[in-house]
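J.: Questions regarding the structure given below will be posed in turn.
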Amino acid sequence: MLRPYPKSRAGVRTVPLPSFLVDALRQLHAAADNPDPRTLVFRDRVGRPLRRSNFRRRVWLPSLVRAGLLGQVVDVGPHRYRALWPDREGVEWSAEFTTEREAVAYVAAKAVGGMRFHDLRHAYATWLVTDGVPINLVQRVMGHEQASTTLNRYTHTPDDYAARVLAAFNASAASLLPLVGDTPSDRAADGIGDEL
């Protein structure tokens, strides 16, 4: 369903896109052979909005398989592809196919787990915050009314959080420590520390 409005006023926003993505979107739009700027970039075969279930089955899950994030497809020889996937109990299953496409489709249909499309929003918010983008800017680009929504629901602790904390602390603490070879008597001679 297309809606003429987002969920909140904060949802009306400009989202900065890198140039490579803008170029890719323009190419997809041009491929539609429809000069109307309202033509959907992501649509079904007859130009309508993609249904969530079709997108998940036809695009998202096969993409996860190809990326190695949901099961696995291994080329084991000429016209032989081994599909590997876990079931709900964690048992690994496998089957062989003559085309990679068939193997990918089978894993996409049978494998359990994998990330949801919406998880990309969480990854994006976490990436921005982790790279030092101020939370008020992340809140704006995410379209959230409150920064607490961005922090509490959408950002997650990165795996290397301890190393990041130590690196930040070490960098700041280093500026407070005396230089190597700098002794208290040297500072007194320079007039440093007289006012302590």
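The values are calculated or read from the model by the stated rules, or taken from the named source; none is laboratory data. Values in this document were obtained by computation on a predicted structure and should not be read as measured data. Ideal geometry is used to build each Cβ from the backbone, glycine not excepted, and the neighbour counts take in all protein chains shown. Keep in mind that these areas ignore ligands, DNA and RNA; they rest on the heavy atoms of the full protein, side chains included. Shrake-Rupley method; radii C 1.70, N 1.55, O 1.52, S 1.80 Å.
J.: Which FRET efficiency, nearest 0.05, do residue 76 and residue 109 yield, Cβ-Cβ r, R0 30 Å?
T.: 0.90
J.: In terms of solvent-accessible area of protein heavy atoms at a 1.4 angstrom probe, what is the ranking of 29, 79, 156, highest value first?
T.: Working: 29 45, 79 140, 156 95 Å².
Ranked list, largest accessible area first: 79, 156, 29.
J.: I've got another one for you. What is the local net charge at residue 29, summed over the other residues whose Cβ is closer than 14 Å to its Cβ (Lys, Arg +1; Asp, Glu -1)? Could the numbers behind the result be given before it?
T.: Details: positive: 26, 38, 43; negative: 23, 33, 36.
Net local charge, residue 29 excluded: 0.
J.: Modelling each spin label as a point 7 Å along the Cα-to-Cβ direction, I'd like the residue 52/residue 130 distance in nm, to one decimal.
T.: Between residue 52 and residue 130, the label points sit 2.7 nm apart.
J.: Candidates (i) 1.04; (ii) 0.95; (iii) 1.18; which is the computed Rg/Rh (Cα atoms, Kirkwood Rh)?
T.: Given (i) 1.04; (ii) 0.95; (iii) 1.18, the calculated one carries the label (iii).
J.: At 222 nm, what value in deg cm²/dmol follows for the chain if DSSP H runs of at least 4 each add -39500 (n - 2.57) and the sum is divided by all its residues, to the nearest 500?
T.: Value at 222 nm, helices only, nearest 500: -10500 deg cm²/dmol.
J.: Keeping every protein chain in place, order 110, 7 by accessible area at 1.4 Å, biggest value first, i.e. largest first.
T.: 7, 110
J.: Next question, about the same structure. How many percent of the accessible area of the range 1-136 is carbon or sulfur, using a 1.4 Å probe?
T.: On the range 1-136, the fraction of accessible area on carbon and sulfur atoms equals 56 percent.
J.: Rounded to the nearest 10 degrees, what's the angle between the helix 19-30 long axis and the longest principal axis of the chain, both from Cα atoms, 0 to 90?
T.: So the helix axis and the longest Cα principal axis differ by about 20 degrees.
J.: How many Å² of accessible area per residue for the range 35-133, probe 1.4 Å? It would help to have the intermediate numbers written out before the result.
T.: Values: 7080 Å² over 99 residues.
So the range 35-133 comes to 72 Å² accessible per residue, rounded to a whole number.
J.: Then there's this: Sorted by accessible area (1.4 Å probe), largest first, how do 51, 116 line up? Write down the numbers at each step before the final one.
T.: Values: 51 165, 116 125 Å².
Sorted descending by solvent-accessible area, the residues read 51, 116.
J.: Treating the angle as unsigned and between 0 and 90°, give the value, to the nearest 10°, between the Cα long axis of helix 100-110 and the longest Cα principal axis of the chain.
T.: Compared with the principal axis, the helix lies near 80 degrees.
J.: Let me ask another. Can you compute the FRET efficiency between residue 94 and residue 121 using 1/(1 + (r/R0)^6), with r the Cβ-Cβ distance and R0 = 25 Å? Round to the nearest 0.05.
T.: For R0 = 25 Å, the calculated efficiency reads 0.15.
J.: Measure nothing but the geometry: give the 0 to 90° angle between the long axis through the Cα atoms of 119-130 and the longest principal axis through the Cα atoms of the chain, rounded to 10°.
T.: That helix lies at roughly 20 degrees to the long axis.
J.: Compute the relative contact order of the chain as a whole-number percentage, counting only Cα pairs closer than 8 Å that sit 6 or more residues apart in sequence.
T.: Working: 183 pairs, mean separation 31.3, N = 196.
Relative contact order, the chain: 16 percent.
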